[in-house]
Amino acid sequence: MIVYNLFPLLAGPFAHWPEHFQRAADLGCDWVYVNPIQLPGASGSLYAIADPYRYHPLLLDAAGGAPEEQVRRMIAAAHARGLRLMIDLVISHCAYDAPLTRQHPEWFRQEHGRPAHPSCRHGTETVVWTDLAQFDHRHSRDRVGLYAYCRRVAEHLLDLGCDGFRCDAAYQLPGELWRRLSADLKARRPDAVLVAETLGCTAEQTKATAQAGFDYIFNSAKYWDFRAPWLVEQYALTCDLAPSIAFPESHDTARLAAELDGNVAGLKQRYLFTALFSSGVLLPIGFEFGFRRRLDVVRTRPADWETTGVDLRPFIAAVNRVKRAVPAFHEEGPLSVLPCANPDILLLWRAARHGRGGALLILNTDVRRHQEFATDRFHRYLQTGAPLRDVSPEYALDYLPEPFHYALRPGQGLVLTTTRPGGR
């Protein structure tokens, strides 16, 4: 999955979305992920849904016809450009002021006789979302009714034309619920895809979530320092359970361009790494232009579109072509970080399953300086004797001499594969 995250509050009314879909398709994406589009509660947060069958007024065109028809046209516009569309499925909570909290108080976790707010640990602090009411999927007196409600919401989105779901806060819900819901939805739409949001999970929580019947999970490659062992250990825990999706930034994180103070080499490096680390990759709207302003689920508006002078579209499209061409990048397979004499060079070997070769990523982790890489022979790093070919998205070499010596530009990666593109 190569996923473009279209953030509704930045894109504006549905009628403007086709231009963003076209840009995603031109980048080589095959999925578009859309955050919640339903009617929010008083806080205005996209994730504080007050009514899942009504739609956010900022996304509707008063002259565009019935709201549901506007949604159907929007989804059809994505399909017309070869994109499948997934949307957030938010069934861990709803808006605190949603009618549901009064109609079905038995569906919610209670504190002091009122619906409880969801919370999470962030470092040493506890973050409480006071605009949300938490469903009680484990101990509700009416678990049957609560499950039926959640299934109806998901089925309604499928009936509108959605092709799958990013399951918000998936790790907070029982695995048995997800397994049942996945089976029920796939009985209705066999090609429906469920992706688990796992931001903030421990490794064990991620593993448990991966075992709950999801088609994909998200991984934490964004946060890796290229040295600590935890990311490869997490990958090993889940790679046989569910494929994963990496991202250089998301709507839940700061913008990478802001973190790197606009360093274009760093933006390219992180996209290349996250695209090739696992079988899926996601980029949010604006990453391709080096946007710096963080996406906000309440306050972002189309006027926040930035003019940066940065255009990563050719590079991203080239990386995505490499990802599609090399079988090792299509799936979760054996992965190893190999020793290198230069500590600023990452050597990552990705093997394809079923004997389809593999790929070696030689990445300069320094985004400000050139770094030297040298080897007397490449096959000391490979688990195959097949010949190597350079398929790098930039500065690909026609010939790989041995001994080999190369000064990698800041953040540059060489991508060497032991199969021809397409696995031939």
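The values are calculated or read from the model by the stated rules, or taken from the named source; none is laboratory data. Note that the coordinates shown come from a computational prediction; the quantities given were computed from them, not determined experimentally. Cβ placement follows ideal geometry from the backbone for every residue including glycine, while neighbour counts extend to all protein chains displayed.
Brief remarks follow.
- Considering each residue of segment 126-134 in turn, none proves to be in contact with an Asp or Glu (Cβ under 8 Å, 6 or more places away or on another chain) and either more than 19 Å from GLY41 (Cβ to Cβ) or of a type in the set (A, V, I, L, M, F, W, C) (or both).
Here's the yes/no breakdown for (1) under 21 Å from SER279 (Cβ atoms); (2) in the same structural domain as ARG166 (by TED's automatic domain parsing); (3) in contact with a His (Cβ under 8 Å, 6 or more places away or on another chain):
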site	(1), (2), (3)
PRO8	no, yes, yes
ALA11	no, yes, yes
TRP17	no, yes, no
HIS20	no, yes, no
ALA24	yes, yes, no
LEU27	yes, yes, no
TRP31	yes, yes, no
GLN38	no, yes, yes
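- When the residues of segment 366-398 are filtered to those that are in contact with a Phe, Trp or Tyr (Cβ under 6 Å, 6 or more places away or on another chain) and more than 14 Å from THR417 (Cβ to Cβ), the one that is surrounded by the fewest Cβ atoms within 10 Å (Cβ to Cβ) is THR375.
- Long-range neighbours under 9 Å by Cβ, at least six apart or interchain, first residue more than 17 Å from TYR53 (Cβ to Cβ) within segment 97-114, second modelled with pLDDT under 95 and among the aromatic types (Phe, Trp, Tyr): none
- Residue ID - nearest to GLY44 (Cα to Cα), chosen from residues in segment 290-334 that are touching a helix residue (DSSP H, G or I) at 6+ places or on another chain (Cβ under 6 Å) and modelled with pLDDT under 95: PHE329
- Tabulated pairs, segment 331-359, first over 17 Å from GLY413 (Cβ atoms), second of a type in the set (S, T, N, Q) and assigned to a strand (DSSP E or B), C-beta under 7 angstrom, 6+ apart or interchain: GLU332/SER244; GLY357/THR417
- Segment 201-221: number of residues that are surrounded by fewer than 21 Cβ atoms within 10 Å (Cβ to Cβ) and either within 24 Å of ILE2 (Cβ to Cβ) or not assigned by TED's automatic domain parsing to the domain that holds SER244 (or both): 3
- Check on PHE329, among the aromatic types (Phe, Trp, Tyr) and either closer than 20 Å to LEU416 by Cβ or surrounded by 21 or more Cβ atoms within 10 Å (Cβ to Cβ) (or both): yes
- Flag for ASP88 being surrounded by 14 or more Cβ atoms within 10 Å (Cβ to Cβ), within 24 Å of LEU58 (Cα to Cα) and not assigned by TED's automatic domain parsing to the domain that holds LEU177: no
- Residue list for segment 249-288, restricted to those being assigned to a loop (DSSP other than H, G, I, E, B), surrounded by fewer than 20 Cβ atoms within 10 Å (Cβ to Cβ) and charged (D, E, K, R): ASP252, ASP261
- Among the residues of segment 144-156, those identified as more than 11 Å from LEU181 (Cβ to Cβ) and in contact with a helix residue (DSSP H, G or I) (Cβ under 9 Å, 6 or more places away or on another chain) are GLY145, LEU146, TYR149.
- Residue in segment 77-84 that is at negative phi, basic (Lys, Arg), part of a strand (DSSP E or B) and not assigned by TED's automatic domain parsing to the domain that holds GLY28 present: no
- Each residue in segment 92-125 was checked for being charged (D, E, K, R), in contact with a Gly (Cβ under 9 Å, 6 or more places away or on another chain) and part of a loop (DSSP other than H, G, I, E, B), and 1 pass.
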